[in-house]
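**Student:** This structure is in C-alpha cells; I'll ask about it shortly.
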Amino acid sequence: MKDAQPATIYLKDYQPFTHLVDSVHLTFRLAPSATRVLSRIAFRPDPKAPARPFHLDGEGLTLISARIDGKEVSPEITPTGLICEVPDAPFLWEAEVEIDPASNTALEGLYRSNGMYCTQCEAEGFRKITYYPDRPDVMSVFTVRIEGEEPVMLSNGNPGDSGEGWAEWHDPWPKPAYLFALVAGDLLAHPDSFTTRSGRDVALNIWVRPGDEDKCAFGMEALKRSMTWDEEVYGREYDLDIFNIVAVDDFNMGAMENKGLNIFNSSCVLASPETSTDANFERIEAIIAHEYFHNWTGNRITCRDWFQLCLKEGLTVFRDAQFTSDMRSAPVKRIEDVIALRARQFREDNGPLAHPVRPHSFVEINNFYTATVYEKGAELIGMLKTLVGDAAYDKALDLYFTRHDGDAATIEDWLRVFEDVTGRDLTQFKRWYEDAGTPRLHVSDDFNTGTYTINFKQETPPTPGQDSKPPRVIPIALGLLDQSGTEIHETTILEMTEAEQSFTFEGLSARPVPSILRGFSAPVIVTREATNAERAFLLAHDTDTFNKWESGRALARDGLVAMIRDGAAPDDLYLDAIATMARDDTLDPAFRALALGLPSQEDLAQTLFEGGHTPDPLAIWEALETLRHARAEAMQDTTTRLYAKYQVTGPYAPDAAQSGARALANAALDMITRLDGGRQAQAQYDSADNMTQQLAALGNLIRGGRGDHAISAFYDQWHHDRLVIDKWFSLQILNADPSETADVAETLTRHPDFTLKNPNRFRATLGALSMSPAGFHRADGAGYRLLADWLMQLDPLNPQTTARMCTAFETWKRFDGDRQAMIRTELERILALPGLSRDTTEMVTRILGA
Ligand code: TRP
Ligand code: ZN
C-alpha cells in the first residue's frame, strides 16, 4: 500500500539511535511460506543520544511474541515498525516473527530464487526480516543459527557448529544490519584458498546451483587477484577464515558486499568462453573486485547514514577502476569509464533527477543508487588524488583506515584525513559533494610574442532545488604540443578555483596546440571552438591516450552534428584521420576499436540540446548510419586487412590482449557487413567457438536484415542457459530497425521465456527498448506506451527495479512538444496507478518536476 504521504528524510535531521546494540542472536526456522525468525538482541541506552521512545524498524512482519528481559511485552505496531516501553538500563529484547519468503517478489529481505533462500538487506531490507534498528550507524556482532532441510546453509562470518538440519555462523566484526546475509539451498561449491600476506589461510568458495559449476573458475581467479591487489596497493588484508560468494538468478542489482558472504546476480559472476563475451569477463572481474574491496571501504568502515552512500560507493568504484587499470590497460579503462559517465551520469546531472553526490534529502534511498553517487563519486576521489598527489593520497588512505576502522563515518571524516595529511583546506572541494550539476568549462586561448595564455570560465547550470552554484576547484590537466606534434610542455595540473581564470606559458617560439583536460581530469563539459584540423592533429599526435581518443570523438561528433542539423555530408577530414589511426598497427587494437566507436545516440542528443537544438532521435540514428556507411566505403581496404590480421588463433583467453584484437576485428566486421551483404558475418557466426564472436556476428546479421535464421538457431542452441537467453532477448531489440524496435520488444514480451519475476530478463527486454533511442522514441509513442504498460505491471511485484527503469523517461524535456506530451501522458498514467509504490511515486514525481 502506498503511504498516505511519503515522508522526505533530510540529512540535516540526523540523530543517533537511542540505544547501542551489544550483540545479536538470530535463529531462522526456514519454511518457504512461513519462516520463523527468532531474535535475541542486547540493547543498552546510548548516553550520547537524545531521549526518545524506543522504536524498531519492521515491515511486513507478523509478530508472534516479544519479550524484554524474559517478560512478555505488547509493543505498539505501526506500518513501519514498533514502539515499546523499555527499561532505562541495558535489556535483552527477544522477538519471534513470521515472514513469507515465497511470496517476496520485491527481492528485498529474505526471498526465494529458483528454489533457494537468499537475502538482500541493503539498503533497508533487514527490517523485512525482523524488528531492528535498521540503520547503518547501529553496528553489532551477529551470531546466526539456521534450521532447515537445505544441504547448504550460509551466513556471515566464520562457520560455527553444525549438524543434521542446522548450522551456526558467527561474525566477529561489528556490522550494520544492511550487511547481514543468509543463503540456503541445494548449492555446489567451487572451492579454493588464499593465504594472506600475514599468513592467514582463507577458504574461498563460489556457490552455484548444480549445472553452473563449470562457470566459476574465472570469478575465483578474479577474487584471488583482487585479494592480492588490495594487499599490495592499499595494504588491506582479508579478516575472516572464509570468504563465500553465491550466485543468485533473481537479483535487483549487480552484487552485494555482505560481510564474508557476497551475493551476486549470476550474470555478474558466472563466466565461460562459450556463454560470456569479453565485455562480460571484464565486468565480472571488476564487480568481484568491487564487492571484495568493500570489505574495507564499506564494511570495516561503513556509512553513518545513507546520505553518505558515496563514502563507500565512490571510493570502492574508484578502487575497482584502479584495479582494472592495473590488470588490463589503464587508458582503455579510462576511455570506457568516460563513455559510461557521459551516457549515464551527465544525462542524470542534466535532467530532472540531478542530485548532489551527497544528497540533502530523499524519500526512498533505493532511488539514490545512481550514476551520480557511484560514478561521479569515484570521479571526485580521482580529482582529490590529482590535487594532493599520489603520495599524499596513500598517506591519507592509511590514516583513513587507522582512524576510522570500526566507524560509521561521514564525508566530513573522509575530507578531514586529507586535510590533516596535506594541510590543505578542502572547503571549496566539498562543493563537489554538495552541489549537483555538471560544470561547463569554456576555454579560449591567445598567443602573443612568445606568451601563450589559456583562459577558463566555469559555469554550472541550475539543478532542481539549487539555482546558483559558486565556482568549484577544478584540476585541469594540460599539455602543450608544437605544430610538428612534439610535446613541448608535459602534463601539468592547473588548479582552477575562480569563476574565470587564465594561465600563461612564456618563451614559446610559436603558437602551441593545447591538450586540455588530459585523462579527463575533472567531470566537466569542455566547450571550446576548435577547428577540425586541430582535432585531427591531436588524434594523430597527442601523447595523452585519453585526449587522443577524445579528439577523434569530438571530430566525429562535430561532423555528425553538422549532418543532423545542416544536412551536411560526412566529413572527409574525419574519414581520413580515422582511417589513418585505424591503420596504425603500433596503436593498441583495443584503443583503435574504441576510437572507431562513434558517439552514442545519447551523447549526440545531449550535444544537440546543449547547442539549443531539439534532438530528433530518428535523425540522429540516420546520421550515424550514413556516417558508418560512408566510413565502411572509405576504409574498405583497411577493414579487410584489419579483420584478417586481428583474428585470434589458439585457445580463447578473456585477457586484454585477446579481447582488444577481437574488438578491433569486430569493429571491422561491422564495416564489412555494410558492404558484403552479411557474408562475412554469417561465416563468423557459423565458425564461432566463443560468445564474443558469435554475438558480434549475430548482431551484424540482425542489423543487416539477415538475422532470422541465426536468431532461431541461437535460441535452439542456448535455450537452456538463462544468461545467454537474456542476450538473445536484448540483442534482437538493440539491433532492430528503429521502426520495428517497439514491435520486436512487444513480441518478445509474449515469448514463453519472458517473465516479470526475473529482473535480468525484464531488463533484457524493456531495458533494451529504452536503450534504443530511435526505437524507443518512435514518433507514434508506441515505445513509451509499451514501457509504461510493463512498468505498471512490474511495480506491484518489484518496486525497486520499476523505479530504476523509470529513468528511461528522465530526458523527456529535451524533445519536441508531441513527444513531451506523449511521455507526460505515460508518466501521469503510471502515477495514477492505485497502490503505486513509494519508490516509483518518488521517481515519477521527480521526473515530472514541479
Ligand atoms: N552495495 C551494492 C554495491 O554497490 C549495491 C547493491 C546491491 C544494492 N544490491 C542492492 C543497493 C540492492 C540497493 C539495493 O556493490
Ligand atoms: Zn558498491
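The values are calculated or read from the model by the stated rules, or taken from the named source; none is laboratory data. Fair warning: this is a prediction, and the values are worked out from it, not measured in the lab. Cβ placement follows ideal geometry from the backbone for every residue including glycine, while neighbour counts extend to all protein chains displayed. Each accessible area value is taken on the protein alone, full model and side chains, heavy atoms only, with ligands, DNA and RNA left out. Shrake-Rupley method; radii C 1.70, N 1.55, O 1.52, S 1.80 Å.
**Student:** Which lysines, on any chain, are close to Lys395 with Cα under 24 Å apart, when same-chain ones fewer than 8 places away are left out?
**Tutor:** Cross-link targets: Lys312, Lys376, Lys385, Lys430.
**Student:** Run through the DSSP bridge list for the chain and note the antiparallel percent, rounded to the nearest 5. Mind dumping the intermediate values first?
**Tutor:** On the way: 96 of 118 bridges.
Percent antiparallel among DSSP bridges in the chain is about 80.
**Student:** For the chain, what does -39500 (n - 2.57) per DSSP helix run (n ≥ 4), summed and divided by total residues, give at 222 nm, in deg cm²/dmol to the nearest 500? Provide the component values of the computation, followed by the final result.
**Tutor:** Values: 27 runs with 327 residues, N = 850.
Dividing the helical sum by the residues of the chain leaves -12000 deg cm²/dmol.
**Student:** To continue, here is another question. Under the √(5λ) rule applied to the eigenvalues of the Cα gyration tensor, what semi-axes describe the equivalent ellipsoid of the chain? Give them in Å, descending.
**Tutor:** In descending order the semi-axes read 45, 32, 27 Å.
**Student:** Sorting Lys395, Lys430 by accessible area (1.4 Å probe), largest first, what list results? All intermediate terms of the calculation are to be shown ahead of the outcome.
**Tutor:** Details: Lys395 130, Lys430 50 Å².
Correct descending sequence by accessible area is Lys395, Lys430.
**Student:** Okay, next question. Hey, what's the chain come to in accessible area per residue, 1.4 Å probe, Å²?
**Tutor:** Working: 31800 Å² over 850 residues.
Dividing the accessible area of the chain by its residue count gives 37 Å².
**Student:** Right, something else. R0 = 35 Å: FRET efficiency of Glu164 with Leu399, Cβ-based, nearest 0.05?
**Tutor:** On the way: r = 49 Å, r/R0 = 1.41.
That gives a FRET efficiency of 0.10.
**Student:** Counting only the heavy atoms of the protein chains, how much of Arg785 is accessible to a 1.4 Å probe, in Å² to the nearest 10?
**Tutor:** 110
**Student:** Which order, highest average first, do 108-114, 119-125 follow once you tally other Cβ atoms within 10 Å for each residue and take the mean per peptide? Walk me through the intermediate numbers first.
**Tutor:** Details: 108-114: 21.9, 119-125: 24.3.
Top of the packing list down: 119-125, 108-114.
**Student:** Can you list the lysines whose alpha carbon sits under 21 Å from that of Lys215, skipping same-chain ones fewer than 8 residues off?
**Tutor:** Lys224, Lys727
**Student:** Taking just the alpha carbons, could you work out the radius of gyration and Dmax for segment 440-522, both in angstroms?
**Tutor:** That works out to 14.5, 49 Å for Rg and Dmax.
**Student:** Rounded to the nearest 0.05, what FRET efficiency do Thr62 and Gln793 have when you use their Cβ-Cβ distance and R0 = 30 Å? Don't skip to the end; give the middle numbers.
**Tutor:** Values: r = 27 Å, r/R0 = 0.92.
For R0 = 30 Å, the calculated efficiency reads 0.65.
**Student:** Would you give the gap between the C-alpha center of segment 21-46 and the C-alpha center of segment 306-371, rounded to a whole Å?
**Tutor:** The distance from the Cα centre of segment 21-46 to that of segment 306-371 comes to 35 Å.
**Student:** Which whole-number percent is the relative contact order of the chain (Cα, under 8 Å, 6+ apart)? Write out the running numbers ahead of the final one.
**Tutor:** Working: 1607 pairs, mean separation 73.8, N = 850.
Relative contact order of the chain: 9 percent.
**Student:** I want to check a number: in segment 9-186, how many lysine pairs have alpha carbons closer than 26 Å, given a sequence separation of 8 or more or different chains?
**Tutor:** On the way: Lys12/Lys48; Lys12/Lys175; Lys48/Lys175; Lys71/Lys128; Lys128/Lys175.
Counting lysine pairs in segment 9-186 gives 5.
**Student:** Here is a follow-up. Starting from the Cα gyration tensor of segment 367-520, take the square roots of the eigenvalues, sort them a ≥ b ≥ c, and report rounded, prolate or oblate (rounded when a/c is under 1.5, otherwise prolate if a/b is larger than b/c, else oblate). Kindly include the intermediate steps, with their values, before the conclusion.
**Tutor:** On the way: a/c = 2.53, a/b = 1.64, b/c = 1.54.
Note, shape of segment 367-520 comes out prolate.
**Student:** I need the shape label for segment 9-186. Rule: rounded when a/c is under 1.5, else prolate if a/b > b/c, else oblate, with a, b, c from the alpha carbon gyration tensor.
**Tutor:** Details: a/c = 1.65, a/b = 1.55, b/c = 1.06.
It is prolate, given that a/c is not under 1.5 and a/b is the larger ratio.
**Student:** Probe radius 1.4 Å, ligands and nucleic acids ignored: give me the carbon and sulfur share of the accessible area of segment 472-556 as a rounded percent. Present the calculation step by step, with values, prior to reporting the outcome.
**Tutor:** Numbers: 1570 of 3330 Å².
Whole-percent figure for carbon plus sulfur exposure: 47.
**Student:** At a 1.4 Å probe radius, which order do Trp621, Trp296 fall into by accessible area, largest first? All intermediate terms of the calculation are to be shown ahead of the outcome.
**Tutor:** Working: Trp621 65, Trp296 20 Å².
Per-residue accessible area, sorted high to low, gives Trp621, Trp296.
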